[in-house]
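Before any comments, here is the structure.
Each value in this text was obtained by applying a stated rule to the coordinates, not by laboratory testing. All figures in this text were calculated on a predicted structure; none of them were measured in a lab. Positions of Cβ are backbone-derived with ideal geometry, glycine not excepted, and every protein chain shown enters the neighbour counts.
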Amino acid sequence: MDSPERKYFEFSNGNIVLDLSRPAVMAILNTTPDSFSDGGLFVSKNAALDRIGLMVDEGAAIIDVGGESTRPGSDPVSVEVELERISPVLEEAVGNYQETLFSIDTTKYEVAKRALELGVHFVNDVSGLRKEPRLAELCAANNAGYILMHSQGDPKTMQKKPQYTDVIRDIDIFFSEKLEQLEKWGVNKVILDPGIGFGKTLEHNLNIIRKLDTFTRHGTPLLVGASRKSMIGQILDNRDVSGRLAGTIAVHYHCLLNGAGILRVHDVKEAVDSIQIFQAIHDG
């Protein structure tokens, strides 16, 4: 029998509660020079901290900080480089915004460990434990949350002819297997992300959005991140990244209708507004 969906996650560090009785916004903060949308904008600590302050003011519940680009075709960076990018920001931001949750967007054990030491609440792993299974043990030991994302391949090659027998079934099986693994380790705060754009064609992505409610059977909150992604540009006649805001809102609103509990976005105010409209209609 399907379990009821989790609505609250409590964190001892800061005594913060993530309330998912209504949808929430995760804000993207890339400290990288080469991310597909905001690369180079927040590489300095001050620029990153100013951006975090704005996103908190606009209503972000979670700030997702990343130090390595995962855009299609991107090259990996070393542990040392990633730590140099994220550590100064997290050292100051987590203390400055004690009522805000933070996640670290990484696949590296050493980076996740340092981020958790600095007070971060979630590990956002785009590899879904494939690159570093020890992240499950690390999250359990720190009572941290884990964001389980599905992907196929790695960022460098993932968009080179991705193939599935059945993309929905394949992702669903992946979630089942990894949730069992996380449960064995004692990780009890898990969020599922089907990984739009990570080893998927346009039709794969559209199918995920159409059938997103399939994954609600796991009783675990669903996160969707389609913000400014290439699928939107493809649909809108190869529209540039700067012109994809309306498309992003449309995609994410459809995901809200199909069970998404968290939207991972670049444009926080617009996402918060769309959720407020969604909630007003839903409650009515």
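Which order do the peptides 235-242, 50-57, 249-256, 193-200 come out in when sorted by mean C-beta neighbours inside 10 angstrom, highest first?
193-200, 249-256, 50-57, 235-242
Within 10 Å of each candidate Cβ there may be at most 10 other Cβ atoms; applying that plus a DSSP loop requirement, which trypsin sites (Lys or Arg not before Pro) in region 72-175 survive?
Here the sparse-neighbourhood loop sites are LYS160.
Pick out the long, greasy-scoring helices in the chain: whole DSSP H runs spanning 20 Å or more along their own axis by Cα, mean Kyte-Doolittle at least -0.5.
Values: long enough: 79-96 (25 Å, 0.13); 167-185 (27 Å, -0.22); 268-283 (22 Å, 0.18).
Correct list, ordered by number: 79-96, 167-185, 268-283.
Would you work out the charge dipole size for region 8-283 about its Cα centre, treating the Cβ of every Lys and Arg as +1 and the Cβ of every Asp and Glu as -1, and quote it to the nearest 20 debye? List each step's numbers first, then the result.
On the way: 28 positive and 38 negative charges, 149 e Å.
For this selection, approximately 720 debye.
Among ILE63, VAL111, ASN238, whose Cα lies farthest out toward the positive end of the dipole of region 8-283, if unit charges sit on the beta carbon of Lys, Arg (+1) and Asp, Glu (-1)?
ASN238
If you take every residue apart from ASN205 with its C-beta less than 12 Å away from the C-beta of ASN205, what net charge results, scoring Lys and Arg +1 and Asp and Glu -1? All intermediate terms of the calculation are to be shown ahead of the outcome.
On the way: positive: LYS200, ARG210, LYS211, LYS229; negative: GLU203.
Value of the local net charge: +3.
Under the definition of Cα pairs under 8 Å and six or more residues apart, what whole-number percent is the relative contact order of the chain? Don't skip to the end; give the middle numbers.
On the way: 526 pairs, mean separation 56.4, N = 284.
RCO, the chain: 20 percent.
How about region 82-143: which GluC sites (Glu not before Pro) there are in a DSSP loop, with at most 13 other Cβ atoms within 10 Å of their Cβ? Before the final figure, lay out each step's value.
Working: sites: GLU82, GLU84, GLU91, GLU92, GLU99, GLU110, GLU117, GLU137; in loops: GLU99.
Those satisfying the criteria are GLU99.
Along the charge dipole of the chain, which of LEU179, VAL79, GLY145 sits closest to the positive end, that is, farthest toward it, with unit charges on the beta carbon of Lys, Arg, Asp and Glu (+1, +1, -1, -1)?
It is LEU179, whose Cα lies furthest towards the positive end.
Remind me, what semi-axes does the chain give for its equivalent ellipsoid, largest first in whole Å, using sqrt of 5 times each Cα gyration tensor eigenvalue? Please report the intermediate quantities before stating the final value.
Numbers: eigenvalues 116, 96, 87 Å².
That gives 24, 22, 21 Å for the three semi-axes.
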